[in-house]
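K.L.:
Dropping the structure in here first, questions after.
The values are calculated or read from the model by the stated rules, or taken from the named source; none is laboratory data. Just so we're clear, the structure is a prediction, and the values are computed from it rather than from any experiment. So basically every Cβ, Gly included, is an ideal-geometry build from the backbone, and we count neighbours across all protein chains shown. Side chains included, ligands, DNA and RNA excluded: accessible areas come from the protein's heavy atoms. Shrake-Rupley method; radii C 1.70, N 1.55, O 1.52, S 1.80 Å.
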Amino acid sequence: MGGLSRRSAILAVPAAAAGTAAVTAGPRSIQTVSFNSTRAKNTLPLSPPVGAPFIMYLALRDATGASIGDGSLTGMVVDVIVTVPPKLVVHLKLVFRLPGGEIHASSMQVRLVPEPGKLHPLAIVGGTGIHASARGEGTIEHVTADVSAITLHIDTP
């Protein structure tokens, strides 16, 4: 019983008292960035099977149409929902190369393209350069077959 009692006592002690350093959150800022992405290259077939991998190369533009960078999307079809028209369930990993660094994001979407007005959530999971510690979330709206509106809420320390 001695080992069990000691273990129970250790598990009951707060992490800071057990020798784990507590991390206090410093001031954080949230920056909202919005842009459009245009599919420049796309390997997704018109009738993809479950398990089909695909990539897209993206041209990124601001609200005035000026180029602000590029990006890529790698995805996998994880399900096909048989409706008219059919919908795809896709897992996506995205990289947006913007001035100052990259933003990396991930999402799982039930996609029907185009689908104006439908906002698909995405998670910001990191980045490079000035976005190296980026976290947050955002949305993608498939406005046309080739253009998507992207809004990112970037949380950085």
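K.L.:
To the nearest 0.05, what FRET efficiency results for T38 and H104 with a Förster distance of 22 Å applied to their C-beta separation?
P.N.:
The value I calculate is 0.65.
K.L.:
Using the Karplus equation 6.51 cos²θ - 1.76 cosθ + 1.60 (θ = phi - 60°), what ³J(HN,Hα) coupling, rounded to whole Hz, does each residue of region 95-107 give in order, writing x for Gly and Pro?
P.N.:
Those phi angles translate into 10, 10, 8, 10, x, x, x, 9, 10, 9, 9, 9, 7 Hz.
K.L.:
Give me a comma-separated list of calculated 3J(HN,Hα) values for region 77-83, in order, Karplus coefficients 6.51, -1.76, 1.60 applied at θ = phi - 60°, integers in Hz, x for any Gly or Pro.
P.N.:
Those phi angles translate into 6, 9, 6, 10, 9, 7, 9 Hz.
K.L.:
Where the accessible area of region 90-157 is counted over protein heavy atoms with a 1.4 Å probe, how much of it, in %, is carbon and sulfur?
P.N.:
Working: 1830 of 3070 Å².
Carbon and sulfur together cover 60 percent of it.
K.L.:
Then there is this: With θ set to phi - 60° and the Karplus curve 6.51 cos²θ - 1.76 cosθ + 1.60, what are the ³J(HN,Hα) couplings of region 136-150 in order, to the nearest whole Hz, using x for Gly and Pro?
P.N.:
x, 8, x, 9, 10, 10, 7, 5, 10, 5, 10, 10, 10, 9, 10
K.L.:
Next up: How far apart, in nm, are two points set 7 Å out from the Cα along the Cα-to-Cβ line at Y57 and at H153?
P.N.:
3.4
K.L.:
Right, something else. What is the list of residues in region 53-97 whose amide nitrogen lies under 17 Å from a point 7 angstrom out from the Cα of A123, following Cα to Cβ?
P.N.:
74-76, 90-95
K.L.:
What's the extension gain from D146 to L112 if we count 0.36 nm per residue and subtract their Cα-Cα distance?
P.N.:
Details: separation 34, 0.36 × 34 = 12.24 nm, distance 1.23 nm.
Computed gain between D146 and L112 is 11.0 nm.
K.L.:
According to a simple spin-label model (label point 7 Å from Cα along Cα-to-Cβ), what is the distance in nm between Q31 and V95?
P.N.:
The modelled label-to-label distance comes out at 2.0 nm.
K.L.:
Another question, then. Working with all protein chains in place, sort V84, V90 by solvent-accessible area computed with a 1.4 Å probe, largest first.
P.N.:
V84, V90
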